[in-house]
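**Student:** Here it is, the structure, as C-alpha cells.
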Protein chains: 2
Amino acid sequence: MDKLKNYVSVKDEDHFYHQGAVELLIFNFLLILTILTIWLFKNHRFRFLHETGGAMLYGLVMGLIIRYVTKSPDVESGTVYECEKLKSGPSTLLINITNQVYEYQYKREISHHNVNSHQGNAMLQKMTFDPSIFFNILLPPIIFHAGYSLKKRHFFRNLGSILAYAFLGTAISCIVIGLIMYGFVKAMVHIGQLKQWEFHFTDCLFFGSLMSATDPVTVLAIFHELNVDTDLYTLLFGESVLNDAVAIVLTHSISIYSPKENPNTFDAAAFFQSVGNFLGIFAGSFAMGSSYAVHLTKFTKLCEFPMLETGLFFLLSWSAFLSAEAAGLTGIVAVLFCGVTQAHYTYNNLSPDSKMRTKQLFEFMNFLAENVIFCYMGLALFTFQNHIFNPLFIFGALVAVFVARASNIYPLSFLLNLGRKQKIPRNFQHMMMFSGLRGAIAFALAIRDTNSQPQQMMFTTALLIVFFTVWVFGGGTTPMLTWLQIRVGVDPDEDLKAKAASQSASNLDKNTTKAESAWLFRIWYGFDHRYLKPLLTHTGPPLTSTLPEWCNPVARLLTSPSAYGDQLKDDDTVYIINNDELTENCESSAHVPVSAQDSTGSIQATGKEDIQEGDLGLGGYKLQLQHSAGQPQKNSLA
Amino acid sequence: MDKLKNYVSVKDEDHFYHQGAVELLIFNFLLILTILTIWLFKNHRFRFLHETGGAMLYGLVMGLIIRYVTKSPDVESGTVYECEKLKSGPSTLLINITNQVYEYQYKREISHHNVNSHQGNAMLQKMTFDPSIFFNILLPPIIFHAGYSLKKRHFFRNLGSILAYAFLGTAISCIVIGLIMYGFVKAMVHIGQLKQWEFHFTDCLFFGSLMSATDPVTVLAIFHELNVDTDLYTLLFGESVLNDAVAIVLTHSISIYSPKENPNTFDAAAFFQSVGNFLGIFAGSFAMGSSYAVHLTKFTKLCEFPMLETGLFFLLSWSAFLSAEAAGLTGIVAVLFCGVTQAHYTYNNLSPDSKMRTKQLFEFMNFLAENVIFCYMGLALFTFQNHIFNPLFIFGALVAVFVARASNIYPLSFLLNLGRKQKIPRNFQHMMMFSGLRGAIAFALAIRDTNSQPQQMMFTTALLIVFFTVWVFGGGTTPMLTWLQIRVGVDPDEDLKAKAASQSASNLDKNTTKAESAWLFRIWYGFDHRYLKPLLTHTGPPLTSTLPEWCNPVARLLTSPSAYGDQLKDDDTVYIINNDELTENCESSAHVPVSAQDSTGSIQATGKEDIQEGDLGLGGYKLQLQHSAGQPQKNSLA
C-alpha cells in the first residue's frame, strides 16, 4: 500500500506516464485473484461461491483497504468556485490561472448536498468509474454473449412462456415493487424518518423497474455444470436475458415520464406517452439489432480469411449497439437481438474456424466484463462516496423484491400451465422463485444517475440486495436443487427428443394442439425456413423452389449453390415440424419432391452464377468452400 | 451527414444516452470498410495497398468530410475565463454557475497560442483522442503480439545483428536525424523562416528519436505472404520490434533531458543522467516484463479450464504493462519482453486449446488496434486542429530520415558482415534500407505532447512522413523485391535446416566459429535449457539431472513429471547445438546417458509428487494432460 500512497503524492510531477495505471492494476490484480480462486473451487467441486461472488468479495476487501489505508492529499477539491461571467456550463472550459490556460472537461452536474463529499480521498475518486462505462463497454459483450449463446431450439420451444415471464412478469414485478416501496416510504415519512426529501411514486416505480432485472448468472452456471433439466434452464435463461432488455427500456421510459409537473398525480397522456416510448424504443432497438445481423457474410466469401470474418462480425455487432445509441434507442436491446439474429443466420455463413473464434472471443469478453462488474460492485460498497444507508428502506426493498418475484412467477406459471402441454411443475416454480438474483444490470441502472438523495438511497439499497441475493441465493442453489428434487445430469439433446416424442405421441388427437400458440410459430418458422434462411444464409431450401415461379431469375441469383444439397439437413425445421404437428410433415414431404425436381434445373443456374462470380477470381473453388462452410451446421449453436 | 449535424445540436438534451456513440460508430464504419477492402484486395492478389494504407486512406476521406461538412455549434468554447481565487489547477474543479454546481475534470494545460483553435468544430474535438489512449490501450496489444509471435529460432540465430541494428542503429539514426534537422532549422532561421520560436538541439534530437521508430508492418505482411527469405524477414522483423522499444525509451530519456537551464549547451552531467535513465528504464522494463511471464501456469493445472488460462495469461501480460507504467518505467518495453518470455516459457505450459485461443486473441487485438491507429492517422490529418505545415521542414525531415536510415543500415551491415558467417548480401541491405517505413509508434510518440509550436510542427511532419512511407514504400515492396531479385516462396523450416547443414559442414574447421558471438548464446542457451526451461515449463531435461546432487530434493519438487520423457524432443536446443558447434554435440550426447540413468530413479520421485498433488483431485489424469500439452511444442511458435 505504500506504493499507492506514494503514487498519489507524486502524481502531479509525472502523472503523464502512468495515468490510471495503478487503478487498472488493482482491477487486474483482483481479476487474477478471482481466476485463481475459481480454479481452486472448480478443482474442489466447491459450488457454494460462484466466481462472481468471489469477485465481489475480493472487490469488497480491496475497497476496504483503499478506503482506510490510503490518505487524501487532495485538500482543495471540495471548494466551489464562482465565475460570474459564465452563464451556462460549456462542455470544455478554458480557465486562466496565474497566467496559464488550463483546459477542463465537463463531467457532470452536482447537487449542492453532494459537494462536501468531494473533499474525500483522491484514490477513492479515481476508483470510481464513469457510469457510462458500464453501459457502453461492459454490458454490451455480456448481453451479446447471452443472445449469441441462446440455445435456440429449447428457447423457441418455450418462447411463449419466456415472453410471458419477461414482459408480463417484469411489468408485474416493477409495479409490485413500486407499490410496496411507495407504501413503505409513506410509512417512513409518517413515523418521522425520510422527511427531508420528496420521494415520488415515479421514483418508486423507477426503483421497481431497475430491481426487476434479474441476473441469475450464478444459478445458471451451476445448472450448466450439473446439467439440470433443460426446460428449467431454458425458462430461467430466456427469462433473464429478455427481462434485462425489458427492464432497461422500462427504466428509461419511467425516467422520461418522471420530470412532469406534479409527479404524484396520474397523468394519462404522459403515461401513454411512456408506454408508447417503451414500445417504440423496444421495437426500434429490436429492428436495428436484427438488421445489423443480416450482413455481408453471405456474398462476400470471407471464409478464407477467418480473421477478417471475425473482425467484421465483431464490428457489425458493436455497430448495432452504437447505431441504436446514436439514434436515441437502447443499444443493449439492439445488441441482444443482434446476438440472437447473428446466431440464427450469420453463424451459418461463417467458416468453421470463425465459428470457433467468434464463440471464444465473445465468451472471453463476457467472462472479463462480468468479473469486472462484480469486482466493481464489491469495491463500490466502500469507494462510492455518496452512500445513504437506510435500514428501513433496505428492509422494505428486500420484502418488496421477494413479494414481487412471487407475484411474477406463481400466478404466471398458473396461467401458463393452463395452456401448456408440458406443465411447469411446482418444484420448477419454486426454483425460479429462488433464482431471482439481482446483478449487473440492476447495479448499472442504479449507478447511472446518483445525483439526488433518493437516487443515492436506491443505489445503496440495490447494491446491498445484489450482495445478499448473489451470496445467499447463489450459494444456496445446490442445496435447493437437492431439496426440491430437481433432476440433474440431463443430456439436453436426449431430453429434447424424448419430450418431443412423448408430445407428438400425445398429439395424435390433433385438435387440442392447435389451441396452443404453436400456430404463430409455425407461420413464422415456415416463413423463416422458406424465405429468410435461404436468403440470408447458405442453408435452407433453394429460393427457386420456395418462391413463385416468376421470381426465378432473382431467386437463382440469391440462392447459395450449397443450399440445393443442404435442404434435407436443416434439422431445426425438421424438429419444429416434428414437434408441432404431424400433418405438417405431409406438407413438407410433399414439398421435397418439388425442390428435387427443380434442382436439376437450378444446378445449371448455379453454373451460370459461378461464371458471373468467376470475375472475382474465385469461381474455381467456391463451391467446395461453401460446402465446408455448410457442413458444421448440424451441430450449430444448439 | 445530416445525422451528424443533428447529433451535435441535440447533444445537450440527452447526451447521456449516446455519449461518444457517433464517434465510435465512425471508427467502426471505417474499420468495416477497411476489412471489406482488404478482402477485395486479397482476393485479387493486389499487393500495392496494404490494409494499413487502406485504413489511412479511408480515415483521410472521413476526416475531410467531418472537417468540411459538419458545422460548429460550440461558439463559447474559445473563451478563456478568469477565476482570481484559483491559485493552481486542481484535478477536479467545482464551479458554481447560476446556482448550479458543475464538476469539471482537468484535461491539460494549453499554450496561449493554441487557445484560438479551440473555437473550432465540436465534432472535430470529439474525434480527437486523448493521446494516452494510444499508449495505454492501442499500442500494448500490437507490441505484445509482435513479441509473442517472434520466430524464436530465426530470431536467436540473428540475435547479434538484430541487437546491433536495433540499439546502435536506432542511436545512429536518432543522432543523424537530430544533426541534420538542427542544421536545417539553423538554415531556416537564417533565411528568415522559423524565427518566432526557439528550436533547440534537444528538440531536434527528440524528433530524431521519434522518427527512428520504424514500423514495416506493410512490408512484413507482404514478406509473410510471399514467403520471402527467412533471414531477411527475421532481421527486419526483429529490428523493427526491438527498435520500437529503443526509440520509445530514447524519446523518454531525451524529453527528461530537455528541461535544463540552457538547452543549447552540452551538459555532461545531464547527458550521462539521460544515458543512465535510458539504461535504467530499459533494464527495469525488461526485468519487469520478463518477470511477469514467469507465472503460475506451471503448477496450477489450469489446462482443464482454457478460458481461465487464457484470462490469466491476458491479465498477467497486461499487468506487466501496467506495473511498469505505475513504477515509472516504460510499459511498452515491459509488454514486449513479457511477450517474448511468455512465448518462450509460458506458452509451453498452456493446454493446446489455450495456445490457440491466446494466439487468436492477440492476433485479433493486434489487427483491430493496428487498423484503428492507421484510421486515426488518416483522420488526424484533417481533424487535428493545431497542424503547422512547414514545407521546408518537411522536406528536410524527409531527407534526414533517408540519410539516417542509410547511415544505419549500410555501415552496420558492413561491420556485421565482418563477423557473420552468413553474410548479409547487398540486395538484403537495399531491401532493409527501403523498408524503413514509419508508422504507429512514431505517430504515437509525436502526438503524445503537441502543446508547443515546435512539437506541433514535428507532429505534422511525422504524420506526413508516415503517409509518404506507408503509401510509397509500402506500395513499392513487391516491385522492389523483384527488382532486387530476392527469392520468394521459401519454406522457413527447410531454409533453416539447409542453412544449418551448410554451416555446420563448413564448421569442420572449428576455430573460426568460436570467434563469433556464438559463445555468449551457447552459455545462455545452456543455462536456459538446463535450468530455466525445466524450472518454468514442463519441458527440458529434468532438474534432477542438471542440478548438483545435493539439490535433488528441491529439484524433484520443481521438475514436472513430463520433463523426463520430453528431454530429447527439445529441438530448439538440439538445433542450436547443431548449429553452433559439433563439439557441443559430444558433450550433449555424453549428457544424455546421465539423465537416462537418472530417470529410473526420478520416476519414483514422480510417483511421489503425483500422490502429493493428488490432493487436488487431479492425480489421475495429470500426466496425460501434460503430455498432450507438451506435444505441439515441436511446431511451437516458430
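The values are calculated or read from the model by the stated rules, or taken from the named source; none is laboratory data. Every value quoted in this text rests on a predicted model; they were computed, and no experiment measured them. Here Cβ is always computed from backbone atoms with ideal geometry, including for glycine, and neighbour counts include all displayed protein chains. The area values use the complete protein model at the heavy-atom level, side chains included, leaving out ligands, DNA and RNA. Shrake-Rupley method; radii C 1.70, N 1.55, O 1.52, S 1.80 Å.
**Student:** For region A:30-51, which residues satisfy the criterion of being aromatic (Phe, Trp, Tyr) and within 14 Å of another protein chain (Cβ to nearest Cβ)? Talk me through it step by step, then tell me what you get.
**Tutor:** Quick first cut of region A:30-51, residues aromatic (Phe, Trp, Tyr) only: A:39, A:41, A:46, A:48.
Across region A:30-51, the qualifying residues are A:Trp39, A:Phe41, A:Phe46.
**Student:** Moving on. For residues that are of a type in the set (Ser, Thr, Tyr), touching a Ser or Thr at 6+ places or on another chain (Cβ under 6 Å), at pLDDT below 85 and part of a helix (DSSP H, G or I), tally how many sit in region B:219-259. Show your work before the answer.
**Tutor:** Our first condition is that a residue be of a type in the set (Ser, Thr, Tyr); within region B:219-259, this holds for B:230, B:233-234, B:240, B:251, B:253, B:255, B:257-258.
If we keep only those that are touching a Ser or Thr at 6+ places or on another chain (Cβ under 6 Å) as well, we get B:240, B:251, B:253, B:257-258.
Next, only the ones that are at pLDDT below 85 stay: B:253, B:257-258.
Now narrow it down to the ones that are part of a helix (DSSP H, G or I): B:253, B:257.
Looking only at that region, the number is 2.
**Student:** In this structure, does A:Val466 turn out to be part of a helix (DSSP H, G or I), at pLDDT 90 or above and closer than 30 Å to A:Leu379 by Cβ?
**Tutor:** Numbers: part of a helix (DSSP H, G or I): yes; at pLDDT 90 or above: yes; closer than 30 Å to A:Leu379 by Cβ: yes.
Considered against the rule, which asks whether it is part of a helix (DSSP H, G or I), at pLDDT 90 or above and closer than 30 Å to A:Leu379 by Cβ, A:Val466 comes out as yes.
Yes/no per residue for (1) at the interface with chain A (Cβ under 7 Å from one of its Cβ atoms); (2) surrounded by 17 or more Cβ atoms within 10 Å (Cβ to Cβ); (3) at pLDDT below 75:
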position: B:Val101; (1), (2), (3): yes, yes, yes
position: B:Lys107; (1), (2), (3): yes, no, yes
position: B:Asn116; (1), (2), (3): no, no, yes
position: B:Asn121; (1), (2), (3): no, yes, yes
position: B:Pro131; (1), (2), (3): no, yes, no
position: B:Leu139; (1), (2), (3): no, yes, no
position: B:Ile143; (1), (2), (3): no, yes, no
position: B:Lys151; (1), (2), (3): no, yes, yes
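**Student:** Can you find even one residue in region A:322-334 that is farther than 17 Å from B:Val22 by Cβ, of a type outside the set (Gly, Ala, Ser), open to solvent by less than 10 Å² (accessible area, probe 1.4 Å) and more than 7 Å from chain B (Cβ to nearest Cβ)? Quick ask: steps written out before the conclusion?
**Tutor:** Going through region A:322-334, the residues farther than 17 Å from B:Val22 by Cβ turn out to be A:332-333.
Add one more test, that the residue is of a type outside the set (Gly, Ala, Ser), and what stays is A:332-333.
Of the ones still in play, those that are also open to solvent by less than 10 Å² (accessible area, probe 1.4 Å) are A:332-333.
Imposing the further condition that a residue be more than 7 Å from chain B (Cβ to nearest Cβ) reduces the set to A:332-333.
Scanning region A:322-334 turns up at least one residue that is farther than 17 Å from B:Val22 by Cβ, of a type outside the set (Gly, Ala, Ser), open to solvent by less than 10 Å² (accessible area, probe 1.4 Å) and more than 7 Å from chain B (Cβ to nearest Cβ).
**Student:** Determine whether A:Phe402 is open to solvent by 40 Å² or more (accessible area, probe 1.4 Å) and more than 26 Å from A:Ile142 (Cα to Cα). If you could, list the steps in order and put the result at the bottom.
**Tutor:** Working: open to solvent by 40 Å² or more (accessible area, probe 1.4 Å): yes; more than 26 Å from A:Ile142 (Cα to Cα): no.
Here the answer is no, as A:Phe402 does not meet what is asked.
**Student:** Identify, please: which residue in region A:52-80 is in a helix (DSSP H, G or I) and facing chain B (nearest Cβ under 9 Å) and is, among those, modelled with the highest pLDDT?
**Tutor:** Step by step, filter region A:52-80, then rank; the result is A:Gly78.
**Student:** Here's something else I'd like to know. In region B:218-228, how many residues are touching a Phe, Trp or Tyr at 6+ places or on another chain (Cβ under 9 Å) and buried (at least 22 other Cβ atoms within 10 Å of the Cβ)? I'd like the intermediate steps shown before the answer.
**Tutor:** Of region B:218-228, the ones touching a Phe, Trp or Tyr at 6+ places or on another chain (Cβ under 9 Å) are B:218-220, B:223-224, B:227.
Applying the additional criterion that residues be buried (at least 22 other Cβ atoms within 10 Å of the Cβ) yields B:218-219, B:223.
Residues meeting the conditions: 3.
**Student:** Could you check A:Phe468 against (1) open to solvent by 40 Å² or more (accessible area, probe 1.4 Å); (2) within 29 Å of A:Arg157 (Cβ to Cβ) and say which number it fails?
**Tutor:** (2)
**Student:** Looking at region B:327-346, I want the residues that are under 11 Å from B:His145 (Cα atoms) and have a partner that is surrounded by fewer than 24 Cβ atoms within 10 Å (Cβ to Cβ) and among the polar types (S, T, N, Q) with Cβ atoms under 7 Å, at least 6 apart or on another chain. Which pairs are those?
**Tutor:** Between residues of region B:327-346 that are under 11 Å from B:His145 (Cα atoms) and residues that are surrounded by fewer than 24 Cβ atoms within 10 Å (Cβ to Cβ) and among the polar types (S, T, N, Q), the close pairs are B:Phe337/B:Ser290; B:Cys338/B:Ser290.
**Student:** Of the numbered conditions (1) at pLDDT 75 or above; (2) in a loop (DSSP other than H, G, I, E, B); (3) facing chain A (nearest Cβ under 10 Å), B:Phe135 fails exactly one; give the number of that condition.
**Tutor:** B:Phe135 satisfies all of (1) at pLDDT 75 or above; (2) in a loop (DSSP other than H, G, I, E, B); (3) facing chain A (nearest Cβ under 10 Å) except (2).
**Student:** Just to be sure before I move on: is B:Ala343 more than 13 Å from every other protein chain (Cβ to nearest Cβ), open to solvent by less than 10 Å² (accessible area, probe 1.4 Å), in contact with a Phe, Trp or Tyr (Cβ under 7 Å, 6 or more places away or on another chain) and of a type outside the set (Val, Ile, Thr) in the structure I sent?
**Tutor:** Details: more than 13 Å from every other protein chain (Cβ to nearest Cβ): yes; open to solvent by less than 10 Å² (accessible area, probe 1.4 Å): yes; in contact with a Phe, Trp or Tyr (Cβ under 7 Å, 6 or more places away or on another chain): yes; of a type outside the set (Val, Ile, Thr): yes.
Yes: the conditions hold for B:Ala343.
**Student:** Conditions first: (1) buried (at least 18 other Cβ atoms within 10 Å of the Cβ); (2) farther than 30 Å from A:Leu361 by Cα; (3) modelled with pLDDT of 90 or more. B:Pro454 passes all but one, so which condition is the exception?
**Tutor:** That leaves (3) as the condition not met.
**Student:** Kindly check whether there is at least one residue in region B:188-204 that is open to solvent by 40 Å² or more (accessible area, probe 1.4 Å), in the same structural domain as B:Leu350 (by the TED database), out of contact with any Cys (no Cβ under 6 Å at 6 or more places or on another chain) and at pLDDT 85 or above.
**Tutor:** No, region B:188-204 contains no residue that is open to solvent by 40 Å² or more (accessible area, probe 1.4 Å), in the same structural domain as B:Leu350 (by the TED database), out of contact with any Cys (no Cβ under 6 Å at 6 or more places or on another chain) and at pLDDT 85 or above.
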